[in-house]
Amino acid sequence: MLEIRPNCELCDVDLPANSTQARICSYECTYCADCVEQVLFNVCPTCGGGLVPRPIRPQRSWRAELNLGLANHPAGTKRRYSRFTREDIDQHVARIKDIPPEQR
Ligand SMILES: [Zn+2]
Ligand SMILES: [Zn+2]
C-alpha cells in the first residue's frame, strides 16, 4: 500500500492526502509540483527516477464489503526530509535530467 507522506521532502510544504500538487517516485519519495518543475526537473533526488502525480486515496470506503479509503488506511504523519544537500541534488539532477525516465 502506498505511504501517503505529509510533506514535500525538499521544501517541506504540506501535501495533504487530497493534494493535487503531490508528486512521487516509485519508492514513494514525495515532492511538491513546484519543486519537481523548478528544482528537480523530474529527477528524484534519491533514486533518480521520474516523478508522477500521487493518486488520491478516497476518504471513505466506497464498497461496503471492503475496508478501504483514508478512514481505514490513513495518510502518514511522519514528515520526511531529503538527506542530500541542495548542492548535491543540483549536481545529481544535472547528470540525469536530460535522460528520459524510461531510459534511466
Ligand atoms: Zn517542494
Ligand atoms: Zn526516488
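Condition test on L15, is it modelled with pLDDT of 95 or more, within 16 Å of ligand 2 (Cβ to nearest atom), surrounded by 15 or more Cβ atoms within 10 Å (Cβ to Cβ) and closer than 26 Å to R95 by Cβ? Don't jump to the end; show me each part of the working.
Values: modelled with pLDDT of 95 or more: yes; within 16 Å of ligand 2 (Cβ to nearest atom): yes; surrounded by 15 or more Cβ atoms within 10 Å (Cβ to Cβ): yes; closer than 26 Å to R95 by Cβ: no.
It is false that L15 is modelled with pLDDT of 95 or more, within 16 Å of ligand 2 (Cβ to nearest atom), surrounded by 15 or more Cβ atoms within 10 Å (Cβ to Cβ) and closer than 26 Å to R95 by Cβ.
When the residues of segment 1-50 are filtered to those that are assigned to a loop (DSSP other than H, G, I, E, B) and in contact (Cβ under 8 Å) with a residue 60 or more places away in the chain, the one that is farthest from F84 (Cα to Cα) is M1.
One line per residue, one yes/no per condition, for (1) on the phi > 0 side of the Ramachandran plot; (2) at pLDDT below 95; (3) hydroxyl-bearing (S, T, Y):
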{"residue": "R5", "(1), (2), (3)": "no, no, no"}
{"residue": "L10", "(1), (2), (3)": "no, no, no"}
{"residue": "Q21", "(1), (2), (3)": "no, no, no"}
{"residue": "T30", "(1), (2), (3)": "no, no, yes"}
{"residue": "A33", "(1), (2), (3)": "no, no, no"}
{"residue": "T46", "(1), (2), (3)": "no, no, yes"}
{"residue": "A71", "(1), (2), (3)": "no, yes, no"}
{"residue": "D88", "(1), (2), (3)": "no, no, no"}
{"residue": "E102", "(1), (2), (3)": "no, no, no"}
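The values are calculated or read from the model by the stated rules, or taken from the named source; none is laboratory data. All figures in this text were calculated on a predicted structure; none of them were measured in a lab. All Cβ positions, even for glycine, are placed from backbone atoms using ideal geometry, and neighbour counts span all protein chains on display.
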